[in-house]
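Everything below concerns the one structure shown next.
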Amino acid sequence: MALITNVVRGSASERLALLVHGYGADERDLGQLLTYLDPDGKLAAVLPRGPYGVPGSAGFSWYGMFGNEEGSYEEALTQLDDLLDEQAAALDLPRAESIVGGFSQGAGLALGLALRHSDRPRPKAALAMSPALDSAAFDLDEQDAPPVLVQHGTHDPLIPVQRSRDLARQLRAAGVPTVYREYPMEHQVALESLRDATDWLALVVAGERPDEPVPDDPVELVPSVTTAQWETEVLRSELPVIVDFWAPWCGPCKQVSPIVETIAAMRRGLYKVVKVNIDEEPQLAQQYGVQSIPMIGLVRNGRLERASVGAKARPQLEAELGMLVIP
């Protein structure tokens with residue numbers, strides 16, 4: 001199946017850039033980033049469209065992610081590998097000097113193109129914005145792998161930021177020159193991330209292979225607790241436990257989250273504060289009768305004593321949980 005592809009050639013284009021959109025988007029999605037990524041017009045941007053429509057959406061996908069959808073990761077990877085060859089020849093630009101980049105589903109494919117075993121020349125570098133795949137999908141035992149920039153939002157509700165942190169560490173451990181950056185954003189691209197990508201790209205074009213240690217994971221004020229951890233972390237806790245039952249799609253949960261973090265910081269040593277994603281831990285939500293979120297509960301001596309439902313100001317929330325209200 002021939003891919004629908006747009007090519008935007010800069011006025012001084014000297015390098016091919018294959019930019020692969022994410023699930024539910026189309027080729028225009030990353031095209032609008034060129035003003036920031038290529039202000040001097042030195043890229044010939046190849047913008048393909050995923051071959052499969054996404055039901056209930058005007059966008060497209062590269063392979064199925066949710067059950068009965070068409071396509072596979074390997075099929076999409078082969079299609080894009082062929083497209084890279086075709087466009088390099090058509091534009092008379094060396095494939096080995098090309099940049100591959102993508103967002104979400106497209107980021108996983110860009111990494112696959114850069115790291116896969118193949119007789120074809122590898123791209124010069126790969127930009128992975130909020131990648132939707134972990135390192136298990138990639139070939140990580142090769143020498144002379146191209147440099148990679150991994151970017152992710154700390155508030156991404158779709159793909160946990162921890163996956164990209166771990167991915168960046170695994171890439172570096174395998175000898176892949178890797179730079180990792182994260183930003184206080186959701187599943188998106190921000191101006192700050194584009195600036196970092198532009199600076200990184202300038203280093204790559206200059207012949208450098210940027211590689212930096214991945215910073216330690218930040219200490220979470222309100223760590224997540226799973227069903228498997230519940231008895232140890234909550235029921236057997238010596239301290240009373242504040243539990244934030246939430247979900248990524250819940251707007252009021254995002255409003256109350258900073259308040260819960262403030263309680264965790266101010267009540268350190270007096271209370272333990274944790275959170276439970278009810279989408280990932282439905283058994284706990286059912287066990288404790290969570291019918292509306294956010295629900296903030298107080299568990300003491302293994303028993304749910306009190307609960308507050310909805311986004312509340314801190315004094316009201318603490319009062320409903322029976323805590324001594326402090327300014």
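When the chain is treated as a Gaussian network with alpha carbon springs shorter than 10 Å, the biggest mean-square fluctuation among W62, W230, W246 belongs to W230. Legend: helices of the chain (whole DSSP H runs) are marked when their alpha-carbon atoms reach 30 angstrom or more along the helix axis and their mean Kyte-Doolittle hydropathy is at least 1.6; nothing is marked.
Over the range 227-320, what lengths in whole Å, largest first, do the semi-axes of the equivalent ellipsoid take, defined as the square roots of 5 times the eigenvalues of the alpha-carbon gyration tensor? Walk me through the intermediate numbers first.
Numbers: eigenvalues 64, 59, 25 Å².
That gives 18, 17, 11 Å for the three semi-axes.
For Q188, nonlocal amide neighbours, meaning residues 5 or more places apart or on other chains whose placed amide H falls under 5 Å from its own, are G153. How many angstrom lie between the C-alpha centres of the range 248-327 and the range 211-245? Each part reduced to its Cα centre gives a spacing of 14 Å. Taking only alpha carbon atoms, the range 151-276 gives an Rg to Rh ratio of 1.07, where Rh is the Kirkwood radius.
Roughly what % of DSSP beta bridges within the range 1-104 run antiparallel, to the nearest 5? Beta bridges within the range 1-104, antiparallel portion: roughly 50 percent.
Cross-link partners of K124 among lysines, defined as those whose alpha carbon lies under 26 angstrom from its own and excluding same-chain residues fewer than eight positions apart: K42.
Note on K275: aspartates and glutamates with a C-alpha under 12 Å away, same-chain residues under 8 apart excluded, are E220, E233, D244, E261.
Summarising the strand pairing of the chain, around 40 percent of its internal DSSP beta bridges are antiparallel. Shape analysis of the range 34-109 yields a ratio of the Cα radius of gyration to the Kirkwood radius, Rg/Rh, of 1.01. Which one is right for this structure if Kirkwood radius over Cα pairs in Å is calculated from it: [x] 23.8; [y] 19.8; [z] 21.7? This structure yields the entry labelled [z]. When all alpha carbon pairs of the range 1-134 are counted in 10 Å bins from zero, the resulting P(r) reads 13, 48, 32, 7, 0 %.
Throughout, read-outs are computed from the coordinates displayed, never taken from laboratory work. None of the values given here were measured: they were computed from a predicted structure.
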